[in-house]
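Data block below; observations after.
The values are calculated or read from the model by the stated rules, or taken from the named source; none is laboratory data. Here the structure is a predicted model, which is why all the values come from computation and not from measurement. Ideal geometry is used to build each Cβ from the backbone, glycine not excepted, and the neighbour counts take in all protein chains shown.
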């Protein structure tokens, strides 16, 4: 339910003679059986329910008892109507399972929370606070304790105030998954907001005997000296030693800068069964740093926990994400997070003990020298490794070659992602030779870097997904040497017991991609997805046609080509003959002025492809411009429109042509 703008409701039921007559004639609940009534009501929306409440007194009284399933999920927005209107409260009770609060004003939030408690909403499984503010922790925590006694999942996204995390865990004793994200990095850079516990909570929950002691605690200095840090740590260990252990918590996402000694360590020490941990420091960019003092940049000394200590506090950890200068973004980088989180949420057992998924960004005094030894010690259990560096920050470049050369056998590693990481080709090859099960290799750079593709792919017999961005492929001019990428792709077509099974090839900002290399990808019969940015100055139109004709030798399902000049009849005709092609995306080329150029489209060829294909579900052609003299006939247009939803396009109206197959 979204409690926001509803019709104006008057809950007062008229008692005149006429209304009594009407009420007696509307005996729906008396004339029909309960199962029939439920079948009718399940088609109603929550807004419909509120309107039905106005029909008569009987409906006002009885309707809520038949709509409990419909009202098990609530989204409550902080509008004036939502706060002052109370009719919707008649539908809530102990059957409510999920609630999302979108209420910024703290007073209104507490008002609604109390109303829900009064309606016995004490069995919530999922609570989400989105863009809320709970600065007055002494008011918030008692309310949360009453609402969250059965809660297993608690999200506080874009939260506008500091939170006493351990007290929140204590208020929700059954909590298993917790997410906290802050709305702006400036909350840290301007105020150091999250370095200390909320003052009011410290007074309410700790055994500090006087206000002076509280003042001393909240004014603890974050001095860089070892002795000062040690004293602060000792005081906090004493403060939190009587806090309960939270054995149920298995997932923590903390997308906020936390001082590691004063706050982060105290949290992690109380979660011994943690399996999934994200400690990111918001989204800190070079621009935001220039606006503030540079010494606030998160560093190993203040915000990045020692990785070995972290595993000693949480020995059951399977997934670890340490982002030092980028916000929480696992889903953007790799799908393994979603798979892991879903399997963990569903209670599926993990047969392998030890750290399996590790993602980190380099930081100040936090690079290969600190991360490398940790990777080496956990190489025997790792399944996915994502190493990254943002060139937008002041983090210096670090060479990973030594670590790559010394890493031992990684028997389970199936995903390796390297983003702006510096290394020698020979060192990377040495590491890949220790990864016999690797299926996904992603190398992304902001600045162009050389890569000898033949040497990289040779040891990867099980590779399924290859993604290269801003990589300059080193090509040998001697074809007999077999050391060119074109020759390599051709060799992948050989049927051997342990042959390649490459399914995805994504090449972006790779300057050497010509139609010859494009044709070479068709020698891999297992290929399903091709996403390639061509060089419009190098590829030939007849080469593109040959590529289309050879695609029938593959298992192609998705094709995306960038910087295309012309879609000829022969090329489009070939695509229409493909038995498994579902998605086709064509991007235009760009001129020296940076503006996109039209993609000339052969009309009859396009019509044949759309009409003949039995598998195509989606087609997108950027800046489509029908080639002069090859317009589609009206009869063909009518046939296409029966099969697809199609946007208008033409010579005088170049635009993005989109065809979506009708269901």
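Specify which of the listed residues (365, 306) is more than 22 Å from the chain's Cα centre (by Cα), within 18 Å of residue 272 (Cα to Cα), surrounded by fewer than 22 Cβ atoms within 10 Å (Cβ to Cβ) and modelled with pLDDT of 70 or more.
306
Which helices (runs of 4 or more DSSP H) does region 550-663 wholly contain that include 3 or more residues that are at pLDDT below 80?
Filter on region 550-663 gives an empty set.
Given 178, 140, 129, which one is in contact with a strand residue (DSSP E or B) (Cβ under 6 Å, 6 or more places away or on another chain) and more than 14 Å from residue 254 (Cα to Cα)?
Among 178, 140, 129, only 129 is in contact with a strand residue (DSSP E or B) (Cβ under 6 Å, 6 or more places away or on another chain) and more than 14 Å from residue 254 (Cα to Cα).
Kindly provide the set of residues from region 149-161 that are touching a helix residue (DSSP H, G or I) at 6+ places or on another chain (Cβ under 9 Å) and either surrounded by 22 or more Cβ atoms within 10 Å (Cβ to Cβ) or not in a loop (DSSP other than H, G, I, E, B) (or both), ordered by number.
Passing the criteria: 151, 153, 154, 156.
Please list, ordered by residue number, the helices (runs of 4 or more DSSP H) wholly in region 361-457 having 3 or more residues that are within 29 Å of residue 489 (Cα to Cα).
Output list reads 401-406, 425-432, 453-457.
Could you check region 380-398 and list, in sequence order, the residues that are at pLDDT 90 or above and in contact with a strand residue (DSSP E or B) (Cβ under 9 Å, 6 or more places away or on another chain)?
Passing the criteria: 382, 383, 384, 385, 386, 387.
When both residues are 6+ apart or on different chains and their Cβ atoms are under 6 Å apart, which pairs have a first residue that lies in region 579-591 and is within 15 Å of residue 612 (Cβ to Cβ), and a second that is part of a strand (DSSP E or B)?
584/559; 584/619
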